[in-house]
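Presented below is the structure to which this report refers.
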Amino acid sequence: MISYAVILLIPVIVSAIVYMQTTQIVEYEIQRASSAMLKKVKYILDSEIDKQTKILGQSENIAGYVCY
């Protein structure tokens, strides 16, 4: 009877180990994908802010010419 229990425990233990490894891999991949997405958003926002800063600088230069 005990030998049957041991034989049944082996797949359960292996399954638990595989499950833990899989969850760790999935969590790592989610963090990696999220980090990549945040970097992309940061790049886009930085480029938009740079564009707006250039436009603002140009409009201030134009306003200086018009006022004087």
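The values are calculated or read from the model by the stated rules, or taken from the named source; none is laboratory data. All values reported here derive from a predicted model rather than from experimental measurement. Just so you know, the surface numbers come from the protein's heavy atoms only, side chains and all, with ligands and any DNA or RNA stripped out. Shrake-Rupley method; radii C 1.70, N 1.55, O 1.52, S 1.80 Å.
From the list Leu38, Leu56, Leu8, exactly one residue is at pLDDT 95 or above, assigned to a helix (DSSP H, G or I), open to solvent by 80 Å² or more (accessible area, probe 1.4 Å) and not β-branched (Val, Ile, Thr). Which is it?
Result: Leu38 is the single residue among Leu38, Leu56, Leu8 that is at pLDDT 95 or above, assigned to a helix (DSSP H, G or I), open to solvent by 80 Å² or more (accessible area, probe 1.4 Å) and not β-branched (Val, Ile, Thr).
Among the numbered criteria (1) at pLDDT 90 or above; (2) open to solvent by 90 Å² or more (accessible area, probe 1.4 Å); (3) among the hydroxyl-bearing types (Ser, Thr, Tyr), which single criterion is violated by Tyr65?
The single condition Tyr65 does not satisfy is (1).
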